[in-house]
Each structure stands twice: as structure tokens, then as C-alpha cells.
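The values are calculated or read from the model by the stated rules, or taken from the named source; none is laboratory data. Since this is a predicted model, take the numbers as computed values, not measurements. With ideal geometry, Cβ positions are generated from the backbone for all residues, glycine too; neighbour counts draw on all protein chains shown.
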Amino acid sequence: MSEGLNVSQTSLTLPLLKDTWQVKTKSLFRFLGPAFIVSVAYVDPGNFATNISGGSVFGYSLIWVILWSNLMGIFLQSMSAKLGIATGHNLPEMSSKVFSRKTNWFFWIEAEFAAMATDLAEFLGGTLGLYLLFGIPMIYAGLIIGALTFLIVYMEKYGQRVVEWIIGTLVAVITIAYTIEVFLAKPDWAQVGIHTLIPSLPNGEAVLIAVGMLGATVMPHVIYLHSQLVQARNKKDDTEEQKRKHLRMERIDITIAMNIAFLVNAAMVIVAAAVFFRNGIAVDTIEQAHKSLEPLLGTLSSGAFGIALLASGLSSSAVGTMAGQTIMKGFVGLSIPINIRRLITMTPALIIIALGVNPMYALIMSQVALSFALPFAIVPMLLITSRKDLMGSLVNKPLTKIAGWIITSLIVGLNAVLLYLTFTGNS
């Protein structure tokens with residue numbers, strides 16, 4: 001009799017567990033997306049340059065920098081998402097409510113320059129991708145990237161979910177391309193494991209490259225953008241419990257997306273170490289990396305590299321343009337038609353390409369600009385998220401505040417080092 005009851009209970013329990021799992025899975029998928037858009041900034045052309053340079057010069061030694069930069073990125077993106085969920089506004093909008101109008105004009109000006117500097121690097125990467133793959137002259141390749149970026153961002157008209165799918169697909173392309181690269185490179189996995197867990201800085205040049213890796217990973221424009229992207233899942237009448245659930249789901253989204261970005265970044269360093277460092281080739285430019293891969297690993301490898309660079313440049317250009325829109329409208333409430341806002345953030349990059357400025361020089365200067373702008377995104381975010389009257393039950397806890405200021409001090413300090421070394425001619 002008891003066996004019959006157990007069988008009956010099991011037959012009732014299994015469908016119930018299955019239904020519960022399906023409900024939770026559907027709920028999770030409904031919230032996935034914003035972090036995948038944000039994660040593109042962590043695998044943009046600036047990351048290609050710093051990661052390939054680091055791997056070719058120092059082998060596997062700097063993989064740990066990628067890990068720690070990623071952990072910092074997860075923390076900051078979680079805080080940006082929390083701000084957007086708790087307040088129902090993005091970071092620039094909240095800054096306009098909390099700080100004086102003069103302060104917000106300052107924030108807006110520096111954030112616009114940062115967005116333009118970001119676009120410059122992203123457009124440059126996409127342009128180089130087209131040039132390397134198809135031999136299209138740089139200026140024409142830049143115009144094509146501009147048009148494709150405009151198209152991707154225009155798709156936002158049909159809902160943010162459409163843009164999330166497009167960006168997610170491009171991230172998948174980058175991931176697949178570098179999976180192929182790692183397979184062909186045949187790295188020393190024991191060394192990979194050691195240098196992922198044990199920090200080391202062989203010399204002063206390694207410090208500069210490590211700071212460059214951090215600067216290329218933790219970027220201000222996506223701190224602004226993430227607080228806007230979560231609004232698509234916000235509802236005006238959300239209770240505190242619903243907001244907490246939204247944040248839990250968004251943290252899962254961030255963890256998945258950012259760890260994919262970590263694996264791609266680590267793969268860039270690993271491939272550079274296994275191919276270039278092993279063969280005594282110090283890579284100074286992205287073009288050199290592309291040309292060197294073919295004789296060393298074959299056409300498939302160089303093709304995969306070019307495709308990854310194109311997907312990176314195209315997706316990150318779209319994300320940079322979206323961030324520019326958020327920044328322009330939020331701080332000072334400028335009401336400019338959306339297409340004009342898109343053109344404003346794209347134009348400086350196209351001008352730089354048209355003038356024929358050295359790509360690596362332009363990339364370095366864009367990173368310097370981003371290094372300078374970073375604290376102006378992080379500090380206001382920490383101040384706002386620490387106010388209970390604004391954040392409600394999602395206000396920063398004491399440990400979160402401590403961690404936030406430690407990370408902020410570390411990022412600002414390291415970026416100050418990058419700024420100093422650049423302007424004193426030691427870069």
C-alpha cells in the first residue's frame with residue numbers, strides 16, 4: 001500500500017517540478033539581454049590591441065589581469081543595473097536630479113567626449129576588420145561600418161529585444177571565432193591555469209600593458225548605458241519584492257554575459273602567447289597580428305581573426321552609439337532628434353579615419369580619454385546607490401560601499417598611472 005502511495009506521489013511530484021523549472025527558465029530568459037549588450041564593450045577593438053600586445057610580449061603572465069578586470073566589471077555593471085531598477089531612471093537622469101545643473105553640464109561634456117572617444121576606437125576596429133578581410137579602403141570601410149551601425153541602432157524602433165538578439169549574435173560570432181583560434185594555437189594549459197590564478201608583473205612595461213588592459217575593459221559608457229537598458233523590463237508599479245527579483249535575474253544575466261566576455265579576452269591573450277610569444281614575435285599593430293597568423297596557423301586562423309574583429313567593431317560601435325544617446329538626453333535634458341544624436345556620436349570617428357590618423361595612435365588617445373572619464377561615471381553612481389531615499393530596499397549595504405570605494409580607488413589609481421605614463425612619453 002505504501003509503495004503504491006510512493007509511486008502516486010512521485011507521479012504527481014515530477015510534473016510539478018518540471019512545471020516549476022519551466023516557469024523559472026522562462027522567467028530567466030525574459031530578463032536575459034541587457035548584459036549581453038553591455039558585454040560587447042569588454043571585447044571591443046581596444047581589448048584586441050591590449051590583449052594581443054600583452055600576450056605577444058609577456059606570454060601568459062598577464063591573464064590574471066583579465067580575470068580581475070572582469071570581476072571589477074561585474075561589480076560595476078551590477079551596481080548600474082541596480083540603480084536603474086531601483087529608481088526607474090538611468091544614471092545620467094538620476095545625476096540630473098541629485099547634482100547641481102552646473103555639475104551636470106560638466107558631467108555631460110566629459111561623458112560626450114568619452115562616448116565619442118569610444119566610438120572612435122570601435123569604428124576603427126570595424127573598419128580594420130573590413131579592410132583586412134576584403135581589402136576595402138579605410139574611408140569606404142568606415143562609411144560602411146557607420147551605415148551598418150546606424151541600421152542596428154535603428155532596429156531599436158522595433159523593440160530593445162531585437163537589438164539584444166542582433167548584438168548577442170555578434171558576440172556569438174566573436175566567441176566562435178576565438179574558440180577556433182584557441183583550438184588552432186594549442187596553448188600550454190598548465191601555464192594558462194598558473195597565470196590566471198597567480199598575479200605577476202615581469203617589468204615596468206608589463207605594468208603599463210596591465211593598466212591598458214584594465215582601461216580597455218572597464219569603460220564608462222556602458223556604466224551609463226546599463227542603467228538605461230534595464231528600463232525595458234521595469235514596470236512603474238513594481239513592488240520592492242519585484243524589483244529585488246528583477247535585480248536577481250539581472251545579476252544572472254551579468255554573470256553569464258561577463259564571463260563569456262572574460263573567456264574571449266583570456267582567449268586573445270592565450271592565442272597571442274601561444275602563437276606570437278612562442279615564436280618571438282612582438283606584435284605592435286592589429287594589422288601585424290592578422291598578417292602573422294596566416295603563415296603560422298593558416299588561412300582559417302587569420303580569417304577567424306578578421307571576422308572576430310569586424311563583429312567586435314560593428315557591435316561595439318552600435319553599443320557606443322546607444323550609450324551616446326543615453327548620455328545626451330539624460331544629464332541636461334537636451335531634446336535632439338534621435339537620428340541627429342546618432343550622427344553626432346559617429347561623426348568624430350569618421351573624421352579621424354578620413355584624415356588618415358595612425359590607427360594605433362588614435363586607439364591610445366581614445367583610451368587616455370576613457371581613463372580620464374571613468375571616475376566621473378563611477379563616483380556619482382556610488383553616491384546615488386548609497387542613498388536610501390533614492391534606492392529604497394536596494395540601497396548599498398556597508399560591505400558593498402566598502403568594496404565599491406576600494407574598486408573605485410584602484411581603477412582611478414591605475415588609470416592615473418596610464419594617464420601619467422602617456423603624457424610623460426613613457427608609453
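Numbers for the structure displayed
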read-out	value
Number of positions in region 180-191 that are in contact (Cβ under 8 Å) with a residue 24 or more places away in the chain and surrounded by fewer than 14 Cβ atoms within 10 Å (Cβ to Cβ)	1
Qualifying residue in region 260-283 (condition: under 26 Å from the mean Cα position of the chain (by Cα), assigned to a loop (DSSP other than H, G, I, E, B) and under 23 Å from PHE123 (Cα atoms))	yes
Residue that is modelled with the lowest pLDDT, among those in region 339-363 that are closer than 21 Å to ILE223 by Cα and of a type in the set (Val, Ile, Thr)	THR345
Cross-chain or 6+ apart pairs with Cβ under 9 Å, region 346-358 first and assigned to a loop (DSSP other than H, G, I, E, B), then modelled with pLDDT of 75 or more	GLY356/MET138; GLY356/ILE139
Residues satisfying the stated conditions in region 130-187, i.e. of a type in the set (Lys, Arg) and more than 22 Å from GLN325 (Cα to Cα)	LYS186
From ILE194, ILE152, residue being in a helix (DSSP H, G or I), in contact (Cβ under 8 Å) with a residue 24 or more places away in the chain and crowded, with 17+ Cβ neighbours inside 10 Å	ILE152
Tally of residues being surrounded by 15 or more Cβ atoms within 10 Å (Cβ to Cβ) and modelled with pLDDT of 80 or more across region 404-427	3
Residue within region 304-317 that is under 29 Å from GLU205 (Cα atoms) and hydroxyl-bearing (Ser, Thr, Tyr) present	yes
